[in-house]
There are 2 protein chains.
Amino acid sequence: MSDLGARLRARGKRLTSQRERVLAAVGRLGHGTPDEIADAVGSDGGGALPVSTVYRSLDALSELGLVGHTHVDHRAPSYHLADHATHVHVVCRGCGWVGEVPLSAADELVARIDDRLGFAADAGHAAVHGLCRTCREDP
Amino acid sequence: MSDLGARLRARGKRLTSQRERVLAAVGRLGHGTPDEIADAVGSDGGGALPVSTVYRSLDALSELGLVGHTHVDHRAPSYHLADHATHVHVVCRGCGWVGEVPLSAADELVARIDDRLGFAADAGHAAVHGLCRTCREDP
DNA sequence: TTGAATGCAAAAAATTTGCATATTG
DNA sequence: CAATATGCAAATTTTTTGCATTCAA
């Protein structure tokens, strides 16, 4: 898997230390907004990066399929390594609680989507909203 | 269904013409960003509303569960009537194409989430990302 | 009346862009 | 060397807030 450099080059892009550091930071964080990722990069001992570079790096890495993102709440795209997406996120509309279930829980849905549309769904990038145990009982 | 006024009052909120107009605009539009909704409200003959009021109205209506939203792309939350959410959206990461499958396709997933977490998932508010028929074959 | 909601304008966030300079291949 | 990225600052875009005023209940 993956010579980052080769994959970038294959797309006419280049391997830079910034992109390596952003990728590493995403891996370290698990999940993070562009801002949090910028902070994480800043604490790897290599000096801070401007947010604009973080955005551009995330774009580049997304194009390669190395990182993905979900919208956990209204405002923040949360990036993660593509291979970290091993579960479906659920987000409570009431209290904001975030939980997860194994990706396999979505097998049936993924199969049905493929049947009907020929679409390769990546459930690991989905955030399902709803109400958690507590909020569904409450008013 | 519902008496909008009653539902609002039940939460200590009030029925205002602005909220009625925002709700109507969302219904007319089907889907729309706060900005588009503001425009739509502006063309109902009742004069424009400041975006801040649109945001606040959408919040209020969301709390009542009358409107919901999905993140169709990176940047835009797309609001819709809650009862319009009768399908699961799929969004192609490659070309941005948006499709949908019946909500029932997610029954199994919803059941599993309930089993494991006691969480009431609302699949109609989920956008599943992936690759469409065309993009999955292509580079 | 009285607290909730609006309108407006200003503030805060979040994201993108222009351009000279530095780097990769 | 040539094309791609970076850094930085400024410009956009999106969302939120403060506050005096209006309005629903």
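The values are calculated or read from the model by the stated rules, or taken from the named source; none is laboratory data. Please read these numbers as outputs of a predicted model, since none were measured by experiment. Every residue, glycine among them, receives a Cβ derived from its backbone with ideal geometry; neighbour counts consider all protein chains shown. Heavy atoms of the whole protein, side chains included, go into the accessibility calculation; ligands, DNA and RNA do not. Shrake-Rupley method; radii C 1.70, N 1.55, O 1.52, S 1.80 Å.
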With a ≥ b ≥ c taken as the square roots of the eigenvalues of the C-alpha gyration tensor of the stretch A:3-83, please select rounded if a/c is under 1.5 and otherwise prolate if a/b is larger than b/c or oblate if it is not? oblate
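Can you tell me the dipole magnitude for the stretch A:86-137 around its Cα centre, using point charges on the Cβ only (Lys, Arg +1; Asp, Glu -1), in Debye to the nearest 20? Before the final figure, lay out each step's value.
Values: 5 positive and 7 negative charges, 57 e Å.
About 280 debye.
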Contact order relative to length for chain B, counting C-alpha pairs under 8 Å separated by 6 or more residues, stands in percent at 19 percent
Intensity falloff of the protein assembly as shown expressed as log10 I(q)/I(0), Debye formula with alpha-carbon point scatterers, at q = 0.14 Å⁻¹: -1.07
Given +1 on the Cβ of Lys and Arg, -1 on the Cβ of Asp and Glu, and no further charges, what dipole in debye does the protein assembly as shown carry about its Cα centre, rounded to the nearest 20? 580 debye
For the protein assembly as shown, what is the calculated [θ] at 222 nm in deg cm²/dmol (nearest 500), taking -39500 (n - 2.57) for each run of four or more DSSP H residues and dividing by its residue count? -12000 deg cm²/dmol
What residue among A:Ala25, A:Ala106, B:Ile113 has its Cα farthest toward the positive end of the dipole of the protein assembly as shown, where the charges are +1 on Lys, Arg and -1 on Asp, Glu, each on the Cβ? A:Ala25
Using DSSP to define loop residues, name the trypsin sites (Lys or Arg not before Pro) in the stretch B:14-77 whose beta-carbon has at most 14 other beta-carbon atoms within 10 Å. B:Arg14, B:Arg75
Probe 1.4 Å, accessible area per residue of chain A, Å²: 50 Å²
Charges at C-beta only: +1 for Lys and Arg, -1 for Asp and Glu. How large is the resulting dipole of the stretch B:3-83 about its Cα centre, in Debye rounded to 20? 400 debye
Using only protein heavy atoms and a 1.4 angstrom probe, determine the accessible area buried between B and A, summed over both sides, in Å² to the nearest 100. 3500 Å²
Listed residue (A:His89, A:Gly47, B:Gly65) projecting farthest to the positive dipole end of the protein assembly as shown, Cβ model: A:Gly47
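Once you have a ≥ b ≥ c as the square roots of the Cα gyration tensor eigenvalues for chain B, tell me rounded if a/c is under 1.5, and otherwise prolate or oblate according to whether a/b is larger than b/c.
Taking the square roots of the gyration eigenvalues as a ≥ b ≥ c, chain B is oblate.
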